[in-house]
Amino acid sequence: MKLVTAFVAAALAAAALLSGCSAADDKKAPAAASPGAYADVNGLHMYYEVHGTPTEQPPLVLLHGALSGIGTDFGELIPELSKTRQVIAVEQQAHGRTTDIDRPLRTPQMAEDTVALLQQLGVRRADVLGYSMGAGVALEITLKHPELVRKQILAAGGLDAGAMHPGLLEGLADLQPEMLHGSPFHNDYLKNAPRPEDFPKLVARVKDHDQSGMPAFAAEAVRQIKAPTLTVIGDSDIVRPEHAVELFRLFGGGIMGDTPAGLPNAQLAILPGTTHITLVHRPDLLLPIIPAFLEAAVKDAR
């Protein structure tokens, strides 16, 4: 079985379990009023949601992964995270409720779209959590707009294509939209997208992004980032654990904390029994980690 086919099969298996949990939850809770709105940025009619109320802490910006949307990736995290701080979640070009426009899907553009949205909302300082494709967007924002980012969380992200297990991206050419039918990616798109029939176009956008527009961040540039960074992967992720450790070291981690210097600002979390798909569906593991990192005192810049 080709690697990408095996990955899709595993994703659908995980989706079946996650969909069962979501269905049970839906029966318990009544539908809430939508917190969503639209903003026009860079020619894009961009959907976003604001949860919770402002606090003395900066808002937490959530950036979803490829083929996903706000609820697909963060539906289990937002209700808890928004209890103690304001949460702003966005849906990128061609994803979820944000309609596609005539331009390629590229990480630098998604980063600028997000920054433009935050500027419209009057956000001058934020914490950023990006998952998978969104981790690349988060890192791009931190590199290009360091004044905006106080802390960042990179979940299942990396410097470049070398972050992933060999063969995954090469096999992506075999991915077809119908392979994802029945998955939360497809189901949520059908439920939320302005043009549900455009799901094949979304898959084509993502394939083009991964094959022709995969970002590559220079290690030396990343090393200069001052924002405290939490690197998160699953122990059975598509991101290699060795690469997560490499990122952790670039952000100032990997030192002995039992010294007068103490702990670094950087943190590393490898979630046990967790895949790439299920990473954002582990509130049992993430909810103790994320607030603790965001609330931790920041040492003098390294």
Check your understanding: So how exposed is residue 48, as accessible area in Å² (1.4 Å probe, rounded to 10)?
Key -> 30 Å²
Point to revise | Other-chain or far-sequence residues with amide H under 5 Å of residue 239's (modelled H) | key: none
Check your understanding: In the range 98-149, which trypsin sites (Lys or Arg not before Pro) fall in coil by DSSP and have 10 or fewer other Cβ atoms within 10 Å?
Key -> 124
Review point. How big is D for the chain, in µm² s⁻¹ as a whole number, if Stokes-Einstein is applied with the Kirkwood radius of its Cα pairs at 25 °C and 0.890 mPa s?
Key: 126 µm²/s
Check your understanding: Once label points are set 7 Å from the Cα along Cα→Cβ at both residue 221 and residue 55, what is their separation, rounded to one decimal in nm?
Key -> 3.3 nm
Study note, to complete from the structure: Expressed in square angstrom to the nearest 10, the accessible area of residue 165 with a 1.4 Å probe stands at 80 Å²
**Study point:** Rounded percent of accessible protein surface that carbon and sulfur make up, the chain, 1.4 Å probe
**Key:** 57 percent
Point to revise | Theoretical ellipticity at 222 nm over the chain - DSSP helices of four or more residues, -39500 (n - 2.57) apiece, nearest 500 | key: -11500 deg cm²/dmol
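Rounded to the nearest 5, what is the percent of antiparallel bridges among the DSSP beta bridges in the chain?
Values: 12 of 35 bridges.
Within the chain, antiparallel bridges account for around 35 percent of the total.
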**Study point:** Integer Hz, Karplus 6.51/-1.76/1.60 couplings in order for the range 80-85, x for Gly and Pro
**Key:** 7, 4, 7, 6, 10, 7
Revision key, fill the gap. With the charge dipole of the range 120-215 built from beta-carbon charges (+1 for Lys and Arg, -1 for Asp and Glu) about the Cα centre, the Cα from 126, 189, 165 projecting farthest to the positive end belongs to 126
**Study point:** Probe 1.4 Å, all protein chains present, accessible-area order of 164, 256, 214, 46, largest first
**Key:** 256, 214, 164, 46
Check your understanding: Taking the chain as a Gaussian network, where each spring joins two C-alpha atoms under 10 Å apart, which residue of 41, 232, 128 fluctuates the most?
Key -> 41
Practice item. Distance check, please: which entries in 144/207; 83/151; 201/226; 83/299 exceed 29 angstrom between their Cα atoms? Key: 201/226
Revision key, fill the gap. Counting only DSSP beta bridges fully inside the range 150-302, the antiparallel percentage to nearest 5 is 10 percent
**Study point:** Per-residue SASA entry for residue 147, accessible area with 1.4 Å probe, Å² rounded to 10
**Key:** 110 Å²
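The values are calculated or read from the model by the stated rules, or taken from the named source; none is laboratory data. Because the structure is a prediction, the values reported are computed rather than measured. Cβ sites come from the backbone with ideal geometry, for glycine too, and all protein chains shown count toward neighbours. For accessibility, only protein heavy atoms count, side chains too; no ligands or nucleic acids. Shrake-Rupley method; radii C 1.70, N 1.55, O 1.52, S 1.80 Å.
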